[in-house]
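What follows is a single structure, written as structure tokens, with notes after it.
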Amino acid sequence: MAALQQIIAGNWKMNLTLSQGREFLDKLEPGLKNKKPARKVILAPNFTLLATLFPRCAACGVELAAQNCAAEESGAFTGETSVAMLKAAGAAYVLVGHSERRQLFAESDQLLAQKLHAVVAGGLTPILCVGETLEQRRQGAAVEVVLRQLSDSLMDFSGARLIVAYEPVWAIGTGETATPEDARLMHAEIRRFLQGRFAWGQDVPILYGGSAKPGNAAELLAQPEVDGLLVGGAALNPDSFLEIIEV
Ligand code: PEP
């Protein structure tokens, strides 16, 4: 079976204004044009940057993801952004269930199932994030938690395209990285789940996220079933992001 094309996705979170995003691209573009990386590159800026950055990103082969979306299609939901709006602004993907959304905004797997439905209905590809807390890992419940997040949020999933990102909560923004062995073991469990759930489960890219950086990217990317990385902090700097793309 052909290996999946690896993906490097950068999540800018609530960082980088439009002018800072443009400066980032000023540095990224020449690097990408010179090296033509074999990996797919995705950037998830704040939604206010999507429409403006889209043409430049498209020209250098970078696809855009939104960091979140509304579960509803349209209507009286002040402050929310629909999938149709994100698509019109140039997004091809939407992050669903990032641990910061789960923890800081109390997003449940039931709500995430609705968001997944909205993303599929709107014609975009979801990047579903899952991951256990440190306490859950210490209790030996990491696999159970991740598989439950997957089965609850994907309960009624009717899409034909999906990306999963395994992001142990204790490794996000902390400088702590899961060992390549931790990542390998969890990704194997996720793959087993996906193969059991979907006829096309083998084709779902599974990304690892959590303090990925130039110094650990190669080892993580060499693990079986690690089909790419979701990068936070190191994706704010075009030099380190480029280094990760090319390791
Ligand atoms: C993330 O936000 O998805 C992430 C993995 O962040 P960091 O790389 O900073 O841990």
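The values are calculated or read from the model by the stated rules, or taken from the named source; none is laboratory data. Since the model is a prediction, treat every value here as computed from it, not as a measurement. FYI the Cβ positions are ideal-geometry reconstructions off the backbone, even for glycines, and counts take in every protein chain you see. Ligands, DNA and RNA are excluded from the accessible area calculation, which covers all protein heavy atoms including side chains. Shrake-Rupley method; radii C 1.70, N 1.55, O 1.52, S 1.80 Å.
For segment 96-105, the condition of being within 29 Å of PRO168 (Cβ to Cβ), more than 15 Å from the ligand (Cβ to nearest atom), assigned to a helix (DSSP H, G or I) and open to solvent by 60 Å² or more (accessible area, probe 1.4 Å) holds for none of the residues. The set of residues in segment 121-154 that are of a type outside the set (Gly, Ala, Ser), in contact (Cβ under 8 Å) with a residue 40 or more places away in the chain and open to solvent by 40 Å² or more (accessible area, probe 1.4 Å) comprises VAL143, LEU147, ASP152. Restricting to segment 155-167, count the residues that are within 16 Å of TRP200 (Cα to Cα) and crowded, with 20+ Cβ neighbours inside 10 Å. Of the residues in that region, 3 qualify. Among the numbered conditions (1) open to solvent by 70 Å² or more (accessible area, probe 1.4 Å); (2) within 15 Å of the ligand (Cβ to nearest atom); (3) farther than 30 Å from GLU29 by Cα, the only one that ASP182 does not meet is (1).
Okay, residues lined up against (1) open to solvent by 40 Å² or more (accessible area, probe 1.4 Å); (2) over 22 Å from LEU162 (Cβ atoms); (3) within 17 Å of the chain's Cα centre (by Cα):
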{"position": "PRO55", "(1), (2), (3)": "yes, yes, no"}
{"position": "ALA65", "(1), (2), (3)": "no, no, yes"}
{"position": "ALA71", "(1), (2), (3)": "no, no, no"}
{"position": "PHE77", "(1), (2), (3)": "yes, yes, no"}
{"position": "THR81", "(1), (2), (3)": "no, no, no"}
{"position": "LYS87", "(1), (2), (3)": "yes, no, yes"}
{"position": "TYR93", "(1), (2), (3)": "no, no, yes"}
{"position": "LEU112", "(1), (2), (3)": "no, no, yes"}
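Scanning segment 132-169 for residues that are over 15 Å from GLY97 (Cβ atoms), in a helix (DSSP H, G or I) and small (Gly, Ala, Ser) yields a single hit, ALA142.
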